[in-house]
Amino acid sequence: MTRALGCATHGQFREAFGYNAIWPLILGYLALLWIYQILQTWRGEPPRWPTYKIGGAALIVLLSFWAVRLVWFFAHDGLAVMAHDNALARLIRLFS
């Protein structure tokens, strides 16, 4: 997500989608909360929105997307990739 948001804020949208497809939702969420907090602070009022509920919903969306991507990875040769690219396999290849 960090790389996706970094690419998106630098105008590299295609690369951002390559890193994580839900970066627009997260960026929009962060911008909305930032603007909301600035307005409430400027007005001198406590926040009226239940930001903890909005944050909880955002966390559920993010974790659900992560779980789907993880299942997708393991369903499409993820174990073979892990067996080939893990640190132990690289050390064995290095010394053999």
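Here, each number is a calculation from the coordinates, and none is a lab measurement. As the structure is a prediction and not an experimental result, all values here were calculated from the model. Because the Cβ atoms are built from the backbone with ideal geometry, glycine has one as well, and the counts that use them run over all protein chains shown.
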#### Entry: Student exercise, the chain dipole from Lys, Arg, Asp, Glu Cβ charges, in Debye to nearest 20
120 debye
### Query
Where nothing but the Cβ of Lys and Arg (+1) and of Asp and Glu (-1) is charged, how large is the charge dipole of the stretch 38-92 around its Cα centre, in debye to the nearest 20?
260 debye
### Task
Largest first and in whole Å, give the semi-axes of the stretch 1-49's equivalent ellipsoid, each being the square root of 5 times a Cα gyration tensor eigenvalue.
29, 9, 6
### Summary
Rh (Kirkwood, all Cα-Cα pairs) for the chain, Å, reads 16.6 Å
### Equivalent ellipsoid semi-axes, the stretch 42-81, via Cα gyration tensor eigenvalues times 5, rooted, Å
39, 8, 5
### Query
Sorted by average packing, counted as other Cβ atoms within 10 angstrom per residue and highest first, what order do 50-63, 7-20 take?
7-20, 50-63
### Task
Apply the Karplus parameterisation 6.51 cos²θ - 1.76 cosθ + 1.60, with θ equal to phi minus 60°, to every residue of the stretch 56-68 and state each ³J(HN,Hα) to the nearest whole Hz, in sequence, with x for glycine and proline.
x, 5, 5, 5, 5, 4, 4, 5, 5, 4, 4, 5, 5
### Query
Extension gain Phe13-Leu79, at 0.36 nm per residue separation less the Cα-Cα distance, in nm?
20.8 nm
